[in-house]
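See below for the structure under consideration.
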Amino acid sequence: MFLKSYNMFYLVGLGLFDAKDISLKGLECLKSVDKIYAEFFTSRLFGSSFDEIEAQIGKKIEVLVRNEVEEESKFLDEAIDSDVALITGGDPLIATTHSDFLVQCSKKGIAYEVIHGSSILSSAPAISGLQGYKFGKVTTIPFPDHNFYPKSPYIAIEENLAMDLHTLVLLDIQAHNDRYMTVNQGLEYLMNIKNTLDYDGAITEDTLAVGIARVGSKDVVVKAGKISQLIDYDFGGPLHCIVIPSKLHIVEAEYLVEIAGANREILDEI
């Protein structure tokens, strides 16, 4: 049974895909609090509707827009006198915005508790079949905008490859516009950056990549191949991410061949 503490702020992660990913601890917490808020602009559960999430918890949830979360933070003021929870997809502390809430709680003397959920930062490397300790810096590819087409994702991958480290590449999410970057768009972005370089980049059409879609669902897709082979592959609905492997261990290579459909020639390169 969840032991309810009064005048608390709870930060609860919902996990990766649907309402069934909520931990028992998280579910018991949400059933006990006075008020539940949600932010779904950093992540959301594609496997369950909002009504299904409310039915699972048994309470109404107030969904906040971005400025209500980052600027107003009214849920923290309410937590002074009642139990309040803020829910989000994935693990709640992956977004730096959320860690700032705990800082604010400390300054205001508000007691808090974090209930973690499964995260793409651990699940995607795991389902890719690559060894977790061989991953380097994580990078994110943004949707391009007017005069905004940063090379930093490409450079981050190059730096990881130079150190024989794999790279997890997250893809932009604009939930308020129902816009989610695909593996195809992410790979096209990297190739566009390559074409602007004044040197021979380390990531080309022949670079091995792993496209991943809908981690945590029954129809998860993990497809490995050269970028030229994946750039037109149909990965289906969101959410997507990419892994760019570095040097492979034989166990990693066998996984990519047998599970992710990579060409067997990668085994000859070990």
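The values are calculated or read from the model by the stated rules, or taken from the named source; none is laboratory data. Computed from a prediction, not measured in an experiment: that's the story for all the values here. Cβ placement follows ideal geometry from the backbone for every residue including glycine, while neighbour counts extend to all protein chains displayed. To get the accessible areas, we keep the full protein, side chains included, count just its heavy atoms, and leave off ligands, DNA and RNA. Shrake-Rupley method; radii C 1.70, N 1.55, O 1.52, S 1.80 Å.
Evaluate 2.2 N^0.38 Å with N set to the residue count of segment 40-128, then give the Cα radius of gyration divided by it.
Here the answer is 1.17, to two decimals.
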Projected label distance in nm at Ile259 and Asp206, using a 7 Å step from Cα toward the beta-carbon: 2.8
Percent accessible area from carbon and sulfur atoms, segment 1-117, protein chains only, probe 1.4 Å: 51
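Work out how much length Glu52 to Asp219 would gain on full extension: take 0.36 nm times their residue separation and subtract the Cα-Cα distance, in nm to one decimal.
58.2 nm
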From phi via Karplus (6.51, -1.76, 1.60), per-residue ³J(HN,Hα) for segment 196-213 in Hz, x at Gly/Pro: 9, 6, 9, 8, 7, x, 7, 10, 10, 4, 8, 6, 6, 9, 10, x, 10, 9
Distance (nanometres) between label positions extended 7 Å along Cα→Cβ at Asp77 and Gln104: 1.0
Accessible surface, segment 165-234, averaged per residue in Å² (probe 1.4 Å): 47
Segment 123-270 - percent of accessible surface contributed by carbon and sulfur, probe 1.4 Å: 49
Chain lengthening between Thr96 and Lys226 when straightened (0.36 nm per residue, less Cα-Cα): 43.5 nm
Ala262 long-range amide H proximity, modeled H, under 5 Å: Ala224, Val257
Whole-number D in µm² s⁻¹ for the chain, Kirkwood Cα-pair radius fed into Stokes-Einstein, 20 °C, 1.002 mPa s: 107
Angstrom value of the Kirkwood radius, inverse mean 1/r, which spans all Cα pairs in segment 95-223: 16.9
Qualifying trypsin sites (Lys or Arg not before Pro) in segment 208-270, DSSP loop, other Cβ atoms within 10 Å at most 13: Lys218, Lys247, Arg264
DSSP beta bridges in the chain [antiparallel fraction, %, rounded to 5]: 45
Segment 181-270 - convex hull of alpha carbons, volume per residue in Å³: 92
